[in-house]
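Some notes on the structure that comes next.
Every number here is computed from the coordinates shown, using simple stated rules; none is lab data. Keep in mind that what you see is a predicted model, and the values were worked out from it rather than measured. Neighbour counts run over all protein chains shown; Cβ positions are idealised from the backbone, glycine included.
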Amino acid sequence: MPVRLSRMERREKTRQDLLTAAETCFVTRGFHATSVDEVAERAGYTKGAVYSNFASKEDLFFGVYQRRVDHVLTDVVPGLRKA
């Protein structure tokens, strides 16, 4: 039986799915060549879902950027300190 996610968990999953799709699009096509429609389609959501989670394409970009910074701070830097 599938686990039912709470509303907050579903919203966070949607946000993470959109960030993953946006990162892929930005890396492969570039920021300017990527449309919000493309990100939504790649993630399997509507454009409305993008704008429900992010104020603009720029806000989505900064979300991708923040996630990358968080990854470096939590996964990379601690490993460097051990060396």
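Brief remarks follow.
- Count - residues of segment 47-61 that are of a type in the set (A, V, I, L, M, F, W, C) and either touching a residue at least 60 places away in the same chain (Cβ under 8 Å) or part of a helix (DSSP H, G or I) (or both): 4
- Among (1) over 13 Å from the mean Cα position of the chain (by Cα); (2) surrounded by 10 or more Cβ atoms within 10 Å (Cβ to Cβ) - the single one Arg81 does not satisfy: (2)
- Residue among Val64, Val72, Val77 that is of a type in the set (Val, Ile, Thr), outside any loop (DSSP other than H, G, I, E, B) and either in contact (Cβ under 8 Å) with a residue 60 or more places away in the chain or touching a helix residue (DSSP H, G or I) at 6+ places or on another chain (Cβ under 9 Å) (or both): Val64
- Selection status of Gly30, on the phi > 0 side of the Ramachandran plot, without any contact (Cβ under 8 Å) to a residue 40 or more places away in the chain and out of contact with any strand residue (DSSP E or B) (no Cβ under 8 Å at 6 or more places or on another chain): yes
- Some residue of segment 15-28 being out of contact with any Ser or Thr (no Cβ under 8 Å at 6 or more places or on another chain) and in a loop (DSSP other than H, G, I, E, B): no
- Residue in segment 12-60 that is surrounded by the most Cβ atoms within 10 Å (Cβ to Cβ), counting only those that are basic (Lys, Arg) and under 21 Å from His71 (Cβ atoms): Arg15
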